[in-house]
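Here the structure is laid out as structure tokens; the discussion comes afterwards.
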């Protein structure tokens, strides 16, 4: 899994930062890419990466402010021209379907693939064969949501030495043992998988929050996450301004990461009031509370091991 930030600014684009969009690449796990938000010019940002639009089959929209959705019509249209034929599902708050269908209809845009919509609600869970996405409402000026993406636990490794000790030599039977609860050898011996396999490998957890005020109500959403992606629209000294405009500060994001026992925090959605030379200050503010903090820039990528 890999996080690729396509836009890390807040509200309006700047010379350093485009507006919000982050891709969660799961090519090895699912042979697909999930997109979280799609601000204006996201399709152009993608051109500077190795992401193939046809691989994007799910788009999660945190909320309907323009800096998070104005890139959707263009991206959806271009996906048709770039070989996208597989269905694409958009998950978003009430109104997302109307916005997209109106944009495509007025512009007489025709897609070469099926477009599906799922209207999200608080405490909703989306599942597929390998991942589940838990959705929680946040505190913003309009309905906004956070996503907890959970990978299923993976089976542990075969205890090869233990198998050899009981006379089971390497071969196709090893694969059979790993894939079945019970395997009977040619000699009639029953091998129970639970006896010859190590502990399950814990699935990875990624939490991606939309625009929001700080709240301890989100601790369960981000708890023990391998990575928390959190907005940091304002610096620590602008906490009153952050509350007024339903946003968070660098230190508030760090507080949530700390209380949620997250492994890493990535700050994004940085206000255009902060110039490039001020980013180090923003980072240090958060690191004073939560040392494992990084700040995202456009085209930053982070592997999730």
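The values are calculated or read from the model by the stated rules, or taken from the named source; none is laboratory data. Just so we're clear, the structure is a prediction, and the values are computed from it rather than from any experiment. With ideal geometry, Cβ positions are generated from the backbone for all residues, glycine too; neighbour counts draw on all protein chains shown.
Results, tabulated for the structure shown:
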| read-out | value |
| --- | --- |
| Evaluation of residue 140 against (1) under 18 Å from residue 60 (Cβ atoms); (2) surrounded by 15 or more Cβ atoms within 10 Å (Cβ to Cβ); (3) in contact with a strand residue (DSSP E or B) (Cβ under 9 Å, 6 or more places away or on another chain) (one fails), failing number | (3) |
| Residue within the stretch 31-41 that is surrounded by fewer than 22 Cβ atoms within 10 Å (Cβ to Cβ) and closer than 17 Å to residue 130 by Cα present | yes |
| Selection status of residue 111, over 24 Å from residue 230 (Cβ atoms) and either outside the structural domain of residue 213 (by TED's automatic domain parsing) or in contact with a strand residue (DSSP E or B) (Cβ under 9 Å, 6 or more places away or on another chain) (or both) | yes |
| Among (1) assigned by TED's automatic domain parsing to the domain that holds residue 17; (2) in contact with a helix residue (DSSP H, G or I) (Cβ under 8 Å, 6 or more places away or on another chain) - the single one residue 261 does not satisfy | (2) |
| Any hit, the stretch 184-199, residues being closer than 30 Å to residue 262 by Cβ, in a loop (DSSP other than H, G, I, E, B) and touching a residue at least 40 places away in the same chain (Cβ under 8 Å) | yes |
| Where residue 178 falls short, out of the listed (1) at pLDDT 90 or above; (2) more than 30 Å from residue 145 (Cα to Cα) | (1) |
| Scan of the stretch 249-264 for residues that are within 19 Å of the chain's Cα centre (by Cα) and either surrounded by fewer than 17 Cβ atoms within 10 Å (Cβ to Cβ) or assigned to a loop (DSSP other than H, G, I, E, B) (or both), ordered by number | 260, 261, 262, 263, 264 |
| Residue among 241, 209 that is surrounded by fewer than 17 Cβ atoms within 10 Å (Cβ to Cβ) and assigned by TED's automatic domain parsing to the domain that holds residue 147 | 241 |
